[in-house]
Amino acid sequence: MTGDGPPTILAVDDEPSLTTLYEAWLADDYRVETASSAEEALGLVADESFDAAMLDRQMPGGTGDEVLSELRARDHDFPVVMVTGVDPDTDIVEMPFDDYLVKPVGKLEVRRAVRSLVVRGSYNDLLREYFALARKRAVLESTYDRETLEESASYRELTASVDDAAARADDARAELLDDAFEEAALDFG
């Protein structure tokens, strides 16, 4: 997550009416920044951080594919959904996006995709935090005996932090699994 406020989403499409629509659909739960070109999108990413992005593949002056490649080259690892009128082909195999929606799309489909991206991004952050804390605990446990560690307030705080991070990661994983189950149920209708 980018901060204490709502997650921030970047919506990029050369059709301003679509980015306005996406912004309206997502406004209740997210802060949405919009761009109508590849150049504008990359400028926004240079100035602020995002929790997820929605990219159109075909835009004048630069494609969503190029924006995605540049985002990854700049080490932006937030999740991305391609929202495009381009039917998928085998060229998507090498593209580092997280989801792919073919236009026309509806409000529910966009909201579900963005929610899933934000939860996945949060889950990745939570896992990173958990493993970093767990590794610190493992290093201390391999260096000191149990009695010494139990006397340490810092170690007790670390252990509590590990447990908390594990619980938050488990909650995010459960949410991801619920989303996947719900999506599979809709597919089989």
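The values are calculated or read from the model by the stated rules, or taken from the named source; none is laboratory data. None of these values were measured; they are calculated from a predicted model. Because the Cβ atoms are built from the backbone with ideal geometry, glycine has one as well, and the counts that use them run over all protein chains shown.
In the set (1) surrounded by fewer than 16 Cβ atoms within 10 Å (Cβ to Cβ); (2) in contact (Cβ under 8 Å) with a residue 40 or more places away in the chain, the condition left unmet by Ser69 is number (2). For region 118-149, a residue qualifies if it is among the charged types (D, E, K, R), assigned to a helix (DSSP H, G or I) and surrounded by fewer than 12 Cβ atoms within 10 Å (Cβ to Cβ), and the qualifying residues are Arg135, Arg146, Glu147.
Counting only residues that are within 18 Å of the chain's Cα centre (by Cα) and among the charged types (D, E, K, R), give me the strands (runs of 3 or more DSSP E) lying completely in region 27-117 with at least 1 of them. In region 27-117, the matching strands (runs of 3 or more DSSP E) lie at 31-35, 99-102.
Selection of region 16-25 for residues being touching a helix residue (DSSP H, G or I) at 6+ places or on another chain (Cβ under 9 Å) and either surrounded by 22 or more Cβ atoms within 10 Å (Cβ to Cβ) or among the acidic types (Asp, Glu) (or both) yields only Tyr22.
Condition check ((1) loosely packed, with under 15 Cβ neighbours inside 10 Å; (2) more than 26 Å from Leu177 (Cβ to Cβ); (3) out of contact with any Phe, Trp or Tyr (no Cβ under 6 Å at 6 or more places or on another chain); (4) charged (D, E, K, R)) across all residues:
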| residue | (1), (2), (3), (4) |
| --- | --- |
| Ala11 | no, yes, no, no |
| Asp29 | yes, no, yes, yes |
| Leu42 | no, yes, yes, no |
| Ser49 | yes, yes, yes, no |
| Asp56 | no, yes, yes, yes |
| Val105 | no, no, yes, no |
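When Asp99 is tested against the conditions (1) touching a residue at least 40 places away in the same chain (Cβ under 8 Å); (2) touching a strand residue (DSSP E or B) at 6+ places or on another chain (Cβ under 7 Å); (3) of a type outside the set (A, V, I, L, M), the lone failure is (1). Selection over region 19-36 of residues that are in contact with a Ser or Thr (Cβ under 9 Å, 6 or more places away or on another chain) and either within 18 Å of Arg57 (Cα to Cα) or of a type in the set (Gly, Ala, Ser) (or both) gives a count of 7.
Checked against the criterion of being without any contact (Cβ under 8 Å) to a residue 12 or more places away in the chain, outside the structural domain of Val119 (by TED's automatic domain parsing) and not basic (Lys, Arg), region 47-63 contains one or more residues that satisfy it.
A search for C-beta distances below 9 Å between a residue of region 143-158 that is touching a residue at least 24 places away in the same chain (Cβ under 8 Å) and any residue that is outside any helix (DSSP H, G or I), counting only pairs 6+ apart in sequence or on different chains, returns Leu158/Ser152. The set of residues in region 80-94 being crowded, with 22+ Cβ neighbours inside 10 Å and either on the phi > 0 side of the Ramachandran plot or of a type outside the set (A, V, I, L, M) (or both) consists of Thr84 alone.
Of all positions in region 98-115, at least one carries a residue that is assigned by TED's automatic domain parsing to the domain that holds Leu55, at pLDDT below 90 and out of contact with any Ser or Thr (no Cβ under 7 Å at 6 or more places or on another chain).
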